[in-house]
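A.B. asks: The structure's right below; bear with me while I get my questions together.
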Amino acid sequence: AIEALAGRFDTLSLDVAAGIGANQTAFAGAVPDTVVVINPEPLSMADAYACLKVLSIEQGLRHAYVVPNRVASRMQADEIVQRLSSLVSRFLDVQLVALPAIPADSNVAEAAAHGVPLVVYRPDSPAARAIKAIARSLDTMSVPDEREGVARLFWRKTFSGAKGES
């Protein structure tokens with residue numbers, strides 16, 4: 001099913017569950033671009049750093065995008081990115097690139113409660129506009145994946161193994 005999507009779309013985004021388990025690192029290692037979403041909570045900073053560290057060690061990650069989420073201001077977004085960048089530059093060989101921030105927006109919870117994507121539920125809400133800006137930024141910055149054959153093989157093996165096939 002994922003391969004079939006390749007002919008219909010230029011980009012496929014995967015939202016991998018938070019954490020640094022084997023599934024998360026395997027999925028993250030199979031994609032050309034990694035986007036780490038971080039919010040103002042201290043635990044989020046620790047999780048983002050741990051994720052980047054594991055991906056750096058286990059998957060050879062050298063570049064990642066950072067999205068500040070649920071921020072109250074541009075200044076808060078810049079502060080979050082700066083704190084994470086400072087940690088990463090001291091201990092890891094990973095370059096971080098900040099993407100537009102997503103502001104705190106009550107429409108996110110409303111859309112989730114209705115089971116509708118935010119950009120469909122409230123397309124002009126502040127968070128939806130930010131998500132669209134992130135998509136545009138990624139579209140202009142993304143570099144074609146030279147590992148296309150390897151990634152396709154990964155997906156084929158991953159999903160055929162999940163069905164019990166060899």
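A.B. asks: For a test of the definition: using alpha carbon positions, the gyration tensor, and the 1.5 limit on a/c, classify the range 1-117 as rounded, prolate or oblate.
C.D. replies: oblate
A.B. asks: Roughly speaking, to the nearest percent, how much of the range 2-111's 1.4 Å accessible area is carbon and sulfur?
C.D. replies: Looking at the range 2-111 in its full context, I get 54 percent from C and S.
A.B. asks: Just add up the charged neighbours of Asp124: K/R +1, D/E -1, any other residue whose Cβ is under 14 Å from the Cβ of Asp124.
C.D. replies: Net charge in that neighbourhood comes out at +1.
A.B. asks: Given a cut-off of under 8 Å on Cα pairs at least six residues apart, what relative contact order in percent is computed for the range 40-93?
C.D. replies: Computed over the range 40-93, the figure is 48 percent.
A.B. asks: State the extension gain, in nm to one decimal, for the chain segment bounded by Asp78 and Asp139, taking 0.36 nm per residue of separation less the distance between their alpha-carbons.
C.D. replies: Stretched fully, the Asp78-Asp139 segment lengthens by 19.8 nm.
The values are calculated or read from the model by the stated rules, or taken from the named source; none is laboratory data. Please read these numbers as outputs of a predicted model, since none were measured by experiment. For neighbour counting, all protein chains shown are included, and Cβ atoms are generated from backbone atoms with ideal geometry for every residue, glycine included. Remember, those area values only see protein heavy atoms, side chains included, never the ligands or the DNA or RNA. Shrake-Rupley method; radii C 1.70, N 1.55, O 1.52, S 1.80 Å.
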